[in-house]
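First comes the structure, then the notes that go with it.
The values are calculated or read from the model by the stated rules, or taken from the named source; none is laboratory data. Note that this is a predicted model, so its numbers are computed, not measured. Note that we place each Cβ from the backbone using ideal geometry, even for glycine, and neighbour counts take in every protein chain shown. Just the protein is used for accessible areas: all its heavy atoms, side chains included, with ligands, DNA and RNA removed. Shrake-Rupley method; radii C 1.70, N 1.55, O 1.52, S 1.80 Å.
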Amino acid sequence: MIEGKPSSEEVREPVLDVVDRVSEMLFGLFMALTFVGVVSIAEGGRDEVRLALAAAFGCNLAWGLADAVMYLIRTVTARGKSLTLVRSVRAASPEAGRQLIERSLSRFAAGLVSDAEIEAMRGRIVALAFVPARPTLKRDDLLAALAVFLIVVASTLPVALPFLVFEDVRTALAVSRGIALAMLFFGGLALGRYAGYGSWRVGFMLAGLGTVLVTAIVALGG
């Protein structure tokens, strides 16, 4: 946005942060588990399992594509909102500009900054050398969207692999569920470490919550 020193709009997170990565993995995993969960152990044979896995993979392909597109839409929308704020502050009086900036902050952030700091932010916005005419997507945005797609699709593979390795459907399903629980646990572990509290506890909580959620989805016919 600015030539030289990067603006707040250009200082971006890594392609995807921990919450994004874990969330996309969980979305894809829940989708795959929903299809695997409807396989009837008593009556289902290899053909039924293959159909369920093919459906799960196809669904995750579609979901991954839709989620990647929505990621780009969210990015452009958020960037457009930032540009609108910048233009509004530059066009407003000093007092109105400070009020616009303060209203744009979260309650937590607003409680941490002083009037002098808000005025300093307003001054930097007014002094910007260049403001884009419209929000645009960048290379990192496209890479992040691709990562979203790949994570959602790839999350199908671990729970599907046992059905390709084991001939017995019951054994394959048990192993698949064990892998899914491990994925849920490590996803919760990553979220807990990212948040800075109770990583092991969050891991076990997410594994339990995921089990209840998938059971409810299958029971409801999802």
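Numbers below:
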read-out: Members of the stretch 51-93 found to be among the hydroxyl-bearing types (S, T, Y), part of a helix (DSSP H, G or I) and under 23 Å from D115 (Cα atoms), listed by number; value: S82, T84, S88
read-out: Condition check for A96: under 30 Å from V202 (Cβ atoms) and in a helix (DSSP H, G or I); value: no
read-out: Candidate set: the stretch 171-199, residues that are aromatic (F, W, Y) and under 18 Å from the mean Cα position of the chain (by Cα); chosen: the one least open to solvent (accessible area, probe 1.4 Å); value: F185
read-out: Qualifying residue in the stretch 102-120 (condition: surrounded by 14 or more Cβ atoms within 10 Å (Cβ to Cβ), among the polar types (S, T, N, Q) and under 29 Å from L137 (Cα atoms)); value: yes
read-out: Among (1) open to solvent by 20 Å² or more (accessible area, probe 1.4 Å); (2) touching a helix residue (DSSP H, G or I) at 6+ places or on another chain (Cβ under 6 Å); (3) of a type in the set (D, E), the one test that D168 misses; value: (2)
read-out: Residue list for the stretch 10-29, restricted to those being crowded, with 16+ Cβ neighbours inside 10 Å and modelled with pLDDT under 80; value: V15, L16
read-out: Matching option when the condition is surrounded by 13 or more Cβ atoms within 10 Å (Cβ to Cβ), touching a helix residue (DSSP H, G or I) at 6+ places or on another chain (Cβ under 6 Å) and either touching a residue at least 40 places away in the same chain (Cβ under 8 Å) or under 28 Å from L51 (Cβ atoms) (or both), among V126, V202, V148; value: V148
